[in-house]
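Below: the structure, in structure tokens.
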Amino acid sequence: MKDFVQIRDLDVSLDKKLVLSKVNMDLPRGELIGLIGPNGAGKSTLMRTLLRFLPFQKGRIEVKGQSLSEIHRRRLAQYFSYLPQGASVSWSLTAQRVVALGRIPHLLPWQDLRKIDYEAIYNAMKKSDVLHLADRPMDHLAGGEKALVMFARVLAGNSEMILADEPVAGLDPNHQIQVMQLLKDVAFRGSGVMVVLHDLTLAARFCDRLYLLREGKILASGSAADVLSPDNLKEGYGINARYGHFDQEFYVIPWKRL
Amino acid sequence: MKQPAVGSKFSGFFLFFSMSILLLLSFLISLNAGASEISLWDTALDIVHGKSSEAVVILWDIRMPRSLLAVFLGASLGLAGASMQGLLRNPLAEPGVLGVNGGAVLGAVLVIYSGLASSFSLALPLGGMAGAFLTVLILYLFAGYMASVQTLILAGIAINTLAFAGTSLVLNLSKDPYAALEIVFWQMGSLTDRSFDHLTLVAPFVLLGCLLLLWDGRALNALSLGEEAAMSLGIPIQRVRFRIILGTALAVGGVTAVCGSVVFVGLMVPHLFRPLVKHEPGKLLGISAVGGAVLVLWADLFVRYFSVGTELKLGVLTSLIGAPFFLALIFKMRRNVS
């Protein structure tokens, strides 16, 4: 069977500069897929191309066997939900109303929230551990609480795949681990999750599969132990790392510039 | 299961309902106000029975268009202000940011200057409407359909400045001091001596504009997450932007063409109601239209009551209330930031 998303020979140019070239990916559901690579490698561009924010010049993207460009935007919103980087809310909305926005792809124009929508909102908030914040305005929440509410918003969409752009940037270690664990749980329950990460330690520990991008090309893909090998880290980031095992789990700590 | 949102829906309905009652009362008070004492009920009966009397003329031909225009003006400005603030995600935005009313004023002023205004009575509002549409055309010509919000605001500022410069140039070159005075007074914004002809001319544009502006409540809610997040929720952001800009041009351009420039209503009204709808930009739309209409009806009543001899202009009054309000808003925002 085909994977949920198939990317073949993808080229993306921005301002006539090639940002992604000859990218091939198969993104199944049920796995936590990490997208890593140095700044400017094209990680966000790839995500934004999948979300159709950017056009692509060459290649083919298929979601559920259907060409990306032919999918209706409402259906696309049901396939992918997107957690932007450092997400913020403009107005002083309550946490619950923010989470409710995640239901928009499932509502017809002018349709009110239905019972199943309230259930989805409630479940998403419960899983993200933000039920106690339901009636608090977003601008009164601390950074970690805000991130969890935004995560609940994405979760409430019950989409087939979550695309998260650096969801742990700016969070304390406790919240970083919480968010990664939540993403892992979502994948474990069968949804697709693709996440852009800069933290290699978290990537190694939580992701089932990694793609290492550099200058618009995929340098390596596979398990954390394979992708984060000394050679790949040297070529990808120009660093070396310390490796180890704890409780049979592999870990990696970026150590030194080369 | 916990469903607090149901409660807020009810309170939203209650707010809208009570504001609508207030609007109706304000409208009746506005109809009742005037130099000559007439009975609203008896005159209304006369109108229904097709009898003509002095009271009918006063109520139907003089007061009715004025009060209806006040509702149009207030509703358009309040609604466009709420939409613009939601679209630009900025509490300091108002319908004027894109230059629509600047363009309408220039169009109307050119009509006064050229002398067309005295040749037929609807030349003035037609000129204003043309100005408003040209503004939007120029806006899209320069900023493009795919423009970002920042580009649109910058283009709006430039167009506004240009329109203001054009208006000043017309005043500057005006050889006829009477025409110059007329331009200055017209610009200040007023509802005096407007007839049903004015009303029926702009009504289709204003109503269509308001309809377009009311369309995108959910999109504005989604936009509070940012443009890309809204797009990922399936909101067609370019189309939403186009509808709101076109709606503003139709509604605000329409009322400005007839009433002149009335500012600050579009800025103030959304702020007054935002806490009452729990800061939801979508829910703010309808209530801002109703609230704007009430505000302008009362401002016009105030203007009529205090105009002895020289007419106090409506636009002057709204600026007098609005500017301190604006300062208070900035003061509050500064405190929130620090």
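The values are calculated or read from the model by the stated rules, or taken from the named source; none is laboratory data. Model, not experiment: these values are computed from the prediction. Here the Cβ is made from the backbone with ideal geometry for all residues, glycine too, and neighbour counts use every protein chain on show. Just the protein is used for accessible areas: all its heavy atoms, side chains included, with ligands, DNA and RNA removed. Shrake-Rupley method; radii C 1.70, N 1.55, O 1.52, S 1.80 Å.
Filtering A:L101, A:L93 for residues that are open to solvent by 10 Å² or more (accessible area, probe 1.4 Å), under 26 Å from B:P91 (Cβ atoms) and at the interface with chain B (Cβ under 7 Å from one of its Cβ atoms) leaves a single hit, A:L101. In this structure, B:L276 does not qualify as modelled with pLDDT of 95 or more, within 14 Å of chain A (Cβ to nearest Cβ) and surrounded by fewer than 24 Cβ atoms within 10 Å (Cβ to Cβ). The residues listed here are A:L163, A:L200; of these, the one that is open to solvent by less than 10 Å² (accessible area, probe 1.4 Å), in contact with a strand residue (DSSP E or B) (Cβ under 6 Å, 6 or more places away or on another chain), over 19 Å from A:L20 (Cβ atoms) and in contact (Cβ under 8 Å) with a residue 24 or more places away in the chain is A:L200. The residue list A:R60, A:R74, A:R52 contains one member that is basic (K, R), within 14 Å of chain B (Cβ to nearest Cβ) and under 27 Å from A:K16 (Cα atoms), which is A:R52. Considered as a group, the residues in region A:223-253 that are in a strand (DSSP E or B) and hydrophobic (A, V, I, L, M, F, W, C) include one that is most open to solvent (accessible area, probe 1.4 Å), and that residue is A:F246.
Mind checking whether some residue in region A:117-124 is more than 28 Å from A:K64 (Cβ to Cβ), more than 7 Å from chain B (Cβ to nearest Cβ) and open to solvent by 10 Å² or more (accessible area, probe 1.4 Å)? The answer is no; no qualifying residue exists. Of the residues making up region A:207-221, those that are open to solvent by less than 20 Å² (accessible area, probe 1.4 Å) and under 24 Å from A:K184 (Cβ atoms) are A:C207, A:L210, A:Y211, A:L212, A:L213, A:A220. Against the test of being part of a strand (DSSP E or B), under 16 Å from A:S69 (Cα atoms), open to solvent by 10 Å² or more (accessible area, probe 1.4 Å) and not aromatic (F, W, Y), the options A:R8, A:R52, A:R48 yield a single qualifying residue, A:R8. When restricted to residues that are within 16 Å of the chain's Cα centre (by Cα) and either within 13 Å of chain A (Cβ to nearest Cβ) or open to solvent by less than 20 Å² (accessible area, probe 1.4 Å) (or both), region B:224-254 contains 10.
The residues of region B:182-194 that are of a type in the set (S, T, N, Q) and crowded, with 17+ Cβ neighbours inside 10 Å, listed by number, are B:Q187, B:S190. The set of residues from region B:168-221 being over 30 Å from B:I235 (Cβ atoms) and among the small types (G, A, S) comprises B:S168, B:S174, B:A179, B:A180, B:G189, B:S190, B:S195, B:A203.
Given the condition of a type in the set (D, E, K, R) and assigned to a strand (DSSP E or B), answer yes or no: does some residue in region A:180-200 qualify?
Checked against the condition, which is being of a type in the set (D, E, K, R) and assigned to a strand (DSSP E or B), region A:180-200 yields no hits at all.
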